[in-house]
Amino acid sequence: MHNPGNSTRFQAQDRFAEGAQYIAGRLTKGTSGRTHAVVDPATGQDVYTYELAGTQDVDAAVAAAREAFPGWAGATPGERSDAMHRFAGVLAERAEELAQAESLQCGKPLKLSREFDVPGTVDNTAFFAGAARHLQGQSAGEYSADHTSYVRREPIGVVGSIAPWNYPLQMAAWKVLPAIAAGNTIVLKPAELTPLTSLLFAQAATEAGIPDGVVNIVTGAGRDAGEHLVGHPDVAMTSFTGSTGVGKRVAEIATSTVKRLHLELGGKAPFVVFDDADLEAAVHGAVAGALINTGQDCTAATRAYVQRPLYDAFVQGVADLMASLRVGDPFAPDTDLGPLISHAQRDRVAAFVDRARSYARVVTGGVIPQGDLKAGAYYRPTLVADAAQDSEIVQAEIFGPVLVVLPFDSDDEGIRLANDTPYGLAASAWTRDVFRANRATRDIKAGCVWVNDHIPILSEMPHGGYKASGFGKDMSAYSFEEYTQIKHVMFDNTAVARKPWHRTIFGD
């Protein structure tokens, strides 16, 4: 394995010696009285120990955001846009540092951080820099004979957001960028496991000239820092990405204070292969779509439904391709798949597969590697077949490198099975038939449906779910609907004191 002490690895303890809270433009230590260690999941070694945020730190961050709000909201769209263009430039300059830090804390292969996470974040930033100048509203006009109306789109205030550990850098961007482009200020709580790139992201904002207090980071536990942030009376909106179970708790707290709420929750994406599909493309798409980020992706392909004529060949092709993948050190150039985020997550994934052995067939994988990989949170890519539709492994979100495959006969059955979970975040359909493709994109209930591909996302296109996968959109111009308030302004055009409608109150 690559030497964990190699100097190319991000030196988190030195970089964030001042603390893991970023409030009003500077790093500070937490005040909870408790410490937490960021662990390299490839080695099991601690790489950064810091003081967790407490409620006092959340209060300070919200106060900083509230103080910065009038000035930032009052800036012109062009001024906010210019600052965010500089922000994109700083992130691009720091691309390698961001990639190193992301791979260190997450265990994802460095090629994934370099080619997906960091470029995607820079592109998101550039997109929202442009979008800041294009807050759309209804045209002014006379919608009654005596009045002129128009719509204003205004920032909400202080946003309190919570991001997950699977894509820490990109999730920080998805939370922060539309919020500040629309003129809000923000307090972001990253996952305690993975704060490093969120801190780098906030520092880059400051370096770009975004005023102190516009972007703040509090790194603390969900049950104290997170819940305090969501319930804070000076926080006007909450955006949360994470599990559906925790999302329900966030919604409970947020609604008690009548906050704007945006939720991007779990997924169990179906991968529907019709009998006219390009088999080779479907096999490669399934393996890539299932195993990106070691399967720790709420849009990952997790349930493959394959029409019976292609079923056996698909199972064999996926098993062979999975078995060929190179599992190893994230910093090695030939690694295809890194570890899961933690040993606890690996053991959770393994338990799902082990329970499935009693009712399904593990075609390949299903083992914890030994030897050089023993110390890390590794798990072999796994294909499970012959499970029932109502079984746990088909219905529950596993969040690991596990794909389950089931056959179907008619097109109606394939689409019915695709919709047969509580989730609706993403899906894909594989076919050469335009009519089949059109029907699948229309009838599958998910926020994104790919045709003959699975996973790609674009800054210009919205991301968000149906059903238990939440509501609201990240990315795209649609995200401004989440982070702005709509105000109707109406002018009287008659200049008369007594309006015709007044006779409903007084007079004949």
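The values are calculated or read from the model by the stated rules, or taken from the named source; none is laboratory data. Just so you know, these numbers come straight off a predicted model, no measurement behind them. Neighbour counts run over all protein chains shown; Cβ positions are idealised from the backbone, glycine included.
If a residue must be surrounded by 21 or more Cβ atoms within 10 Å (Cβ to Cβ) and touching a Pro at 6+ places or on another chain (Cβ under 7 Å), how many such residues does the range 306-326 contain? Summing the residues that are surrounded by 21 or more Cβ atoms within 10 Å (Cβ to Cβ) and touching a Pro at 6+ places or on another chain (Cβ under 7 Å) in the range 306-326 gives 2. Among the conditions (1) more than 15 Å from the chain's Cα centre (by Cα); (2) buried (at least 22 other Cβ atoms within 10 Å of the Cβ); (3) at pLDDT below 95, residue 303 misses just one, which is (3). Total residues in the range 413-424 satisfying the condition of being in contact with a Lys or Arg (Cβ under 8 Å, 6 or more places away or on another chain) and over 18 Å from residue 310 (Cβ atoms): the figure is 5. Return yes or no: is residue 399 crowded, with 20+ Cβ neighbours inside 10 Å, out of contact with any strand residue (DSSP E or B) (no Cβ under 8 Å at 6 or more places or on another chain), within 16 Å of residue 303 (Cα to Cα) and not aliphatic (A, V, I, L, M)? When the stated conditions are applied, residue 399 passes them.
One line per residue, one yes/no per condition, for (1) under 26 Å from residue 308 (Cβ atoms); (2) at pLDDT below 95; (3) not hydrophobic (A, V, I, L, M, F, W, C):
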residue: 373; (1), (2), (3): no, no, no
residue: 394; (1), (2), (3): yes, no, no
residue: 402; (1), (2), (3): yes, no, no
residue: 410; (1), (2), (3): yes, no, yes
residue: 426; (1), (2), (3): yes, no, no
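A count restricted to the range 136-151 and to residues that are loosely packed, with under 13 Cβ neighbours inside 10 Å, in contact (Cβ under 8 Å) with a residue 60 or more places away in the chain and more than 27 Å from the chain's Cα centre (by Cα) stands at 1.
Applying the criterion of being of a type in the set (D, E, K, R) and in contact (Cβ under 8 Å) with a residue 60 or more places away in the chain to the residues of the range 474-508, the residue that is nearest to residue 74 (Cα to Cα) is 487. Quick one: which residue in 224, 275, 234 is assigned by TED's automatic domain parsing to the domain that holds residue 381, of a type in the set (Asp, Glu), surrounded by fewer than 20 Cβ atoms within 10 Å (Cβ to Cβ) and over 20 Å from the mean Cα position of the chain (by Cα)? Every option except 275 fails the conditions. Check 92, 101, 65, 75 and return the single one that is in contact with a strand residue (DSSP E or B) (Cβ under 8 Å, 6 or more places away or on another chain) and outside the structural domain of residue 337 (by TED's automatic domain parsing). None of the others qualify; the one that does is 65. Within the range 245-256, is there a residue that is under 24 Å from residue 30 (Cβ atoms) and either among the acidic types (Asp, Glu) or surrounded by fewer than 17 Cβ atoms within 10 Å (Cβ to Cβ) (or both)? Checking the range 245-256: not a single residue is under 24 Å from residue 30 (Cβ atoms) and either among the acidic types (Asp, Glu) or surrounded by fewer than 17 Cβ atoms within 10 Å (Cβ to Cβ) (or both).
Exactly one residue out of 93, 102 is surrounded by fewer than 24 Cβ atoms within 10 Å (Cβ to Cβ) and of a type outside the set (Phe, Trp, Tyr): that is 93. Only one of the numbered conditions (1) in contact with an Asp or Glu (Cβ under 6 Å, 6 or more places away or on another chain); (2) of a type in the set (D, E, K, R); (3) over 20 Å from residue 316 (Cβ atoms) is not met by residue 397, and that is (1). On the stretch given as the range 438-482, residues that are in a helix (DSSP H, G or I) and at pLDDT 95 or above total 6.
A Cβ distance below 9 Å, combined with a sequence gap of six or more or placement on separate chains, defines the contacts here; from the range 202-218, residues that are outside the structural domain of residue 72 (by TED's automatic domain parsing) and surrounded by 24 or more Cβ atoms within 10 Å (Cβ to Cβ) reach no residue that is modelled with pLDDT of 95 or more and part of a loop (DSSP other than H, G, I, E, B). Is it the case, given these coordinates, that residue 46 is of a type outside the set (Val, Ile, Thr), out of contact with any Lys or Arg (no Cβ under 7 Å at 6 or more places or on another chain), surrounded by fewer than 22 Cβ atoms within 10 Å (Cβ to Cβ) and within 30 Å of residue 369 (Cα to Cα)? Yes.
Note on the range 180-251: enclosed strands (runs of 3 or more DSSP E) holding 2 or more residues that are modelled with pLDDT under 95 are 237-241.
Does at least one position in the range 368-378 carry a residue that is among the small types (Gly, Ala, Ser), closer than 21 Å to residue 244 by Cβ and not assigned by TED's automatic domain parsing to the domain that holds residue 109? If you could, list the steps in order and put the result at the bottom.
So in the range 368-378, the residues among the small types (Gly, Ala, Ser) come out as 371, 375-377.
If we keep only those that are closer than 21 Å to residue 244 by Cβ as well, we get none.
Checked the range 368-378: no residue is among the small types (Gly, Ala, Ser), closer than 21 Å to residue 244 by Cβ and not assigned by TED's automatic domain parsing to the domain that holds residue 109.
Can you list residue pairs whose Cβ atoms sit under 6 Å apart, with the first residue in the range 13-37 being closer than 23 Å to residue 68 by Cα and the second being modelled with pLDDT of 95 or more and aromatic (Phe, Trp, Tyr)? Count only pairs 6 or more apart in sequence or on different chains. Note: pairs meeting the criteria are 20/50.
Return the residues of the range 410-426 that are small (Gly, Ala, Ser) and either outside any helix (DSSP H, G or I) or closer than 12 Å to residue 352 by Cα (or both); say none if nothing qualifies.
Taking the range 410-426 first, the residues small (Gly, Ala, Ser) are 410, 414, 418, 424, 426.
Hits for the range 410-426 are 410, 424, 426.
Among the residues of the range 134-172, those identified as among the small types (Gly, Ala, Ser) and farther than 19 Å from residue 220 by Cα are 137, 139, 140, 141, 144, 145, 149, 157. In the set (1) outside any loop (DSSP other than H, G, I, E, B); (2) out of contact with any Lys or Arg (no Cβ under 8 Å at 6 or more places or on another chain); (3) surrounded by fewer than 16 Cβ atoms within 10 Å (Cβ to Cβ); (4) among the charged types (D, E, K, R), residue 487 fails one condition alone, (2).
Of all residues in the range 428-437 being more than 24 Å from the chain's Cα centre (by Cα) and not in a helix (DSSP H, G or I), which is surrounded by the most Cβ atoms within 10 Å (Cβ to Cβ)? My answer is 430.
If a residue has to be within 22 Å of residue 243 (Cα to Cα) and surrounded by fewer than 24 Cβ atoms within 10 Å (Cβ to Cβ) to count, how many in the range 379-393 make the cut? Here the count works out to 5.
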